[in-house]
1. Cα centroids of the stretch 127-198 and the stretch 55-109: how far apart, whole angstrom?
2. Report the FRET efficiency, 1/(1 + (r/R0)^6), for Ala197 and Glu154, where r is their Cβ-Cβ distance and R0 is 25 Å, rounded to 0.05.
3. Which of the listed residues, Leu183, Leu37, Ala159, is farthest toward the dipole's positive end in the chain, when Lys, Arg count +1 and Asp, Glu count -1 at the beta-carbon?
4. For the chain, with the dipole built from +1 on Lys and Arg beta-carbon atoms and -1 on Asp and Glu ones, taken about the Cα centre, which of Pro78, Ser198, Ala255 lies farthest toward the positive end?
5. Place a +1 charge on the Cβ of each Lys and Arg in the chain and a -1 charge on the Cβ of each Asp and Glu, then give the dipole magnitude about the Cα centre in debye, rounded to the nearest 20.
6. Do any GluC sites (Glu not before Pro) in the stretch 105-195 lie in a DSSP loop with no more than 14 other beta carbon atoms within 10 Å, and if so, which?
7. Can you name the helices of the chain, as whole DSSP H runs, whose Cα span along the helix axis is 18 Å or more and whose Kyte-Doolittle mean is not below 0.0?
Amino acid sequence: MAGERGLDGACWIELDEIDSTNAELMRRAIAGERRPLYVRASRQTAGRGRSGRMWHSPPGNIAMSRLVPLDCPPAAVPQISLVTGLAVHRAVAEQLDASGISVSISLKWPNDLLAGRAKLAGVLVEATTAGADRIAVVGIGINVAHAPRVEGRETVALASLGLARADDPATPAALARRVGAHLDRALDEWDSGQGFASIREAWLDRSLPLGTEMSVDTGPGGRVAGTFAGLDDAGYLLMERAGAGRMVVTVGDVALLSD
């Protein structure tokens, strides 16, 4: 079953089940779709995370994507992950506050929302050329009712943080709309990269603390360890390495080191 309606200038498509909300929007973009369009599915059968990992999307969680026509320099496209992460943080923080839940949540570069050290939400941005246009599809997954097991990762769901009625189908639907409203505003603020300075500042206000120990898998056989030192002006990760100074990480998977 699918339904489509406009909300605050964006259109939404609601699906019971799909292979991947990102894949569905990619198909629509290739077919000519250019509207600010969201797709949300109650269940994904082939959801994806970064680096080709499977993203588990059982009913009760959020699996949603937004189509973003691109009018920015190619170097600014990776900033969309930070823009989206900021929007997700704002929306989830609002939901927790409204429910009277006091939990510390933070952003981890480039695409994770954490509660403590556990992953609560993730972002996947995929960019391509469709016809004569460049587009990005922004995928968002949030653990609302369930925290799927991920090998080597700690995960958490809003339900286990105390969110009442997390199993009610209306809860992920309403939170998805909240996320969408914040994402629309954050994209306007970003302004195709022109407003990234304010996005960067807001993201850092919600990030892991400076000095957090972490390692980065930079590719086959490549792993570096250090402490979180912020973001550079383009949005890349800054790491401080003992005896080796500060380095800029442009791509890689970040893992927190044990306390």
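Coordinate-derived values only; no laboratory data. Remember, it's a predicted structure, so these values are computed and weren't measured experimentally. Positions of Cβ are backbone-derived with ideal geometry, glycine not excepted, and every protein chain shown enters the neighbour counts.
1. If you average the Cα positions of each part, the centres end up 4 Å apart.
2. Working: r = 33 Å, r/R0 = 1.31.
Calculated transfer efficiency: 0.15.
3. Towards the positive end, the residue furthest out is Ala159.
4. Selected residue: Ala255.
5. Working: 27 positive and 31 negative charges, 68 e Å.
Charge dipole, the chain, about its Cα centre: 320 debye, nearest 20.
6. Details: sites: Glu126, Glu151, Glu154, Glu189; in loops: Glu151, Glu154.
Taking the stretch 105-195 and a limit of 14 other Cβ atoms within 10 Å, the loop GluC sites (Glu not before Pro) found are Glu151, Glu154.
7. 79-98
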